[in-house]
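The values are calculated or read from the model by the stated rules, or taken from the named source; none is laboratory data. None of the values given here were measured: they were computed from a predicted structure. Glycine also receives a Cβ, built like all others from the backbone with ideal geometry; neighbour counts cover every protein chain displayed. Surface areas here come from the heavy atoms of the whole protein model, side chains and all, with no ligands, DNA or RNA. Shrake-Rupley method; radii C 1.70, N 1.55, O 1.52, S 1.80 Å.
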Amino acid sequence: MVRLRTFIDPIKYGVATGRIKVLENKLFTRHRVERLVEADDFSDQLRILAETDYGGFFENVRTIDDIEEALHKYLAKVYDFLDELTREREIISFFRLRYDFHNLKVLLKTKYKQETGEHIWSHLGLLDVPRARDLIEQGMVDELPEVYRQAVKESMHRFEKERDSQQIDIVLDGYLYKLLHGLAVSQRNDFLQDLVKIFIDLGNIKTFLRAKNLRRKKDFISQALFDNGSIDKGIFIAIYGEPLDSLLEQLKNTPYAELLRVVFREGKKVDLSTFDKLVDNFALNHAKKARYVPVGLEPIVGYILAKESEVNMVRVILTGRLNNVPKDKIRERIRDLYV
Amino acid sequence: MAIKVNPNRMELLKLKKRTEIAKRGHKLLKDKLDELMKQFFILIRRNRVLRQEVEEKLIQAYLLFALARSEVAIEVIEEAVLYPHAEVSVDVLQKTLMGVAVPQIGLQQKGTFDCYGLSTTPAILDDALQTFNEALPLMIQLAEVEKAVELLALEIEKTRRRVNALEHVLIPQLEEAVRYVTMKLDEMERSYRTQLMVIKEMVSEAAI
Amino acid sequence: MILGLSGFHWALLGAAAAALGGGIGSSIGITYIANVAAGILVEDPEKFGGLLPLCAIPGTQGIYGFITAVLVVFFFGLIGGEGGKLTSPQGFQIFLACMPVCFACLVSAIYQGLTAVGAAGMVAKRMEEAGKALILPALVETYAALSLIISILLLLSIRAGL
């Protein structure tokens, strides 16, 4: 089938794709990552980073807090670059909404706990945080931008009913993924829709396994699971009481079977120590498909995801070193690379 | 001489009694000291084991936490633990160990430590907090044992001082006093006898 | 009269269609690849040498269309006034002879543009691949060239039959 998009995308995303194709070459290679891990000390690591475009951000970095700040600024640059590439608000939101919801969580929790949380605000979102704080503090939730309004209302309602701060996270996470799903659907882009489905599925699997490890009750997980995944959340709820193997049995014909097999490998207790890595690798491996798309939205989304993963990797390696984490523990947690 | 006494029989009896009591007290205190030392060593050993356990747990917990915090931006971790819903309270009671009042610390925990969204935070955060959670009761126990060791050590010192005082000061002094009184009494008796003999001689001389 | 058009009109329509098809196709194809090339050049201006042939290659279809149109004009004397003598069926034959170039060039130029975009990705990755990268969209060129040959052969045979 000939799709209209084939003929529109090169015009819409041509320049952006061209830039990305060059920039993909500048992503970290396995070799550079290995050098960063093997570096003798922190200043050596900084020297290696200075060869890359991280260099400018890491000039006066000494402590872990400095690393966080530098990476925050670097990510801000990545997202500014995204703004430059596309004027489409949906795509920009797709990446930045996460930070808005982080800020909303902070605002709600600090409101109820009567604390200030300015030091943990993220500046990567689209929401005007100081204004949102004033509105939330004064209870004028209706003045909030429409995207967030319902989410904030429901999480406030839920918190006031149950007096449990975890409910704030659960409700807001649920809304975030619902919005991401909506954005992907509105783009009518298979790659993006699959990506969100994968995020949702992985989120659900993660919630399921962690809740199981923490021995939470069944009604906890029926609240915490996301809708719109490729695996219906009803399946998770139905087998929650059963032994863990039944999850593998249920998902054996899905792409997640391999991932679960790694986790279940040893004995009964699920070892989630490297689960975060497996989850990220799974999502990134899906994103890698974007590299074979000659032109369009996919390479842009793929590149930004790769960049986010790269920033995380730099954080793992650098803070790990400063915290004296053994090298093999660091290496254990290094993600696959996009290129 | 430290103890001033009138050298008479009454005093001698009293002194002898006191010496007797002091010696008995000394023996009792010495037994107590031995027992205290025994308890002390048991506690010290327990303390060492506990401390090692706590240190290992904490090292493990900090390593896991270092890994968890490196997975995501620090704001995310801080937000996750911003509003914990687990409550921990500590109450301190007293119990007596060898007549020493030592604290007994009770730990009450309500709710679970996971107060964050499970899908958006790293899974290893659970492990880190779980390990901290396991370390907490151990730390409380350690605090209890450590305080007991400290109090016991004080008690041992006090008891040893008493034993020493009895052994090296009071008992020798009392014995000295007894000796002195006995000597004095003997002397008095001798002089009395001499007097008698002199008088007897004078009387017999007068009779002749 | 076919569809009420004279031979001259049909010949004109054929020439115009050939130029139009090739021109539209080429301009779209070049836009595609030029867009991407511009993006690549923003980040890495040294790739210009490798990208220029890729940008030029969808332009050939426009030239084919142009050649066909010019051949029609000269073979059948559309300028000199001789064209007026063409009968309606003759003019229709000329029109049909122009169709291969018109459609093949329209479609192949657009797709060549798309292929060139893919090839530009290769160049962006490794400059040394520029030669290989050029071959791939050049394969699409074959069919535009074949259509040009057919159109010319057809025009020649029509002219011989006049």
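Computing Rg and the Kirkwood Rh from the Cα coordinates of chain B gives a ratio, Rg/Rh, of 1.48. Could you check how much of the accessible area of segment C:1-105 is carbon and sulfur, as a whole percent, using a 1.4 Å probe? So the carbon and sulfur contribution to the accessible surface is 76 percent.
Legend: mean number of C-beta atoms from other chains within 10 angstrom of residue C-beta atoms, peptide B:77-86, equals 6.
Taking GluC sites (Glu not before Pro) across segment A:59-113, the ones in a DSSP loop with at most 11 further Cβ atoms lying within 10 angstrom of their Cβ are A:Glu59. A 1.4 Å probe, protein heavy atoms only, puts the accessible area of C:Val117 near 0 Å².
Mind listing, in residue-number order, the residues in segment A:269-295 that have at least 20 Å² less accessible area with every protein chain present than in their own chain alone (1.4 Å probe)? Hits at the 20 Å² cut-off: A:Leu272, A:Ser273, A:Asp276, A:Pro294, A:Val295.
With contacts taken as Cα pairs under 8 Å at a separation of at least 6 residues, chain A carries a relative contact order of 23 percent.
Take segment A:145-224 with all the other protein chains still there, run a 1.4 Å probe, and you get 41 Å² of accessible area per residue.
Placing +1 on the Cβ of every Lys and Arg and -1 on the Cβ of every Asp and Glu, with nothing else charged, gives the protein assembly as shown a dipole about its Cα centre of roughly 1920 debye.
Comparing A:Gln150, A:Gln138, A:Gln187 in a Gaussian network model of chain A, where Cα atoms under 10 Å apart are tied by springs, the biggest mean-square fluctuation is seen for A:Gln138. Its Cα centre serving as origin, chain A has a Cβ charge dipole (Lys and Arg +1, Asp and Glu -1) of approximately 760 debye.
Hydrophobic long helices, here whole DSSP H runs in chain C with Kyte-Doolittle means of at least 0.5 and Cα atoms spread over 24 Å or more along the helix axis, are found at C:7-43, C:88-125, C:130-161.
Of all aspartates and glutamates in the structure, those lying under 19 Å Cα to Cα from C:Lys47, and not within fewer than 8 positions of it along the same chain, are A:Glu24, C:Glu128, C:Glu129.
Give the dimensionless ratio obtained when the Cα radius of gyration of the protein assembly as shown is divided by 2.2 N^0.38 Å. All intermediate terms of the calculation are to be shown ahead of the outcome.
Details: Rg = 45.7 Å, N = 709, 2.2 N^0.38 = 26.6 Å.
Normalised by 2.2 N^0.38 Å, the Cα Rg of the protein assembly as shown equals 1.71.
Here's the list of lysines a cross-link from B:Lys158 could span, going by alpha-carbon distance under 29 Å and ignoring same-chain residues fewer than 8 apart: B:Lys4, B:Lys14, B:Lys16, B:Lys17, B:Lys23, B:Lys27, B:Lys30, B:Lys32, B:Lys38, B:Lys95, B:Lys147.
Interface size, chains A and B: roughly 3400 Å² of accessible area buried, both sides included, 1.4 Å probe, rounded to the nearest 100.
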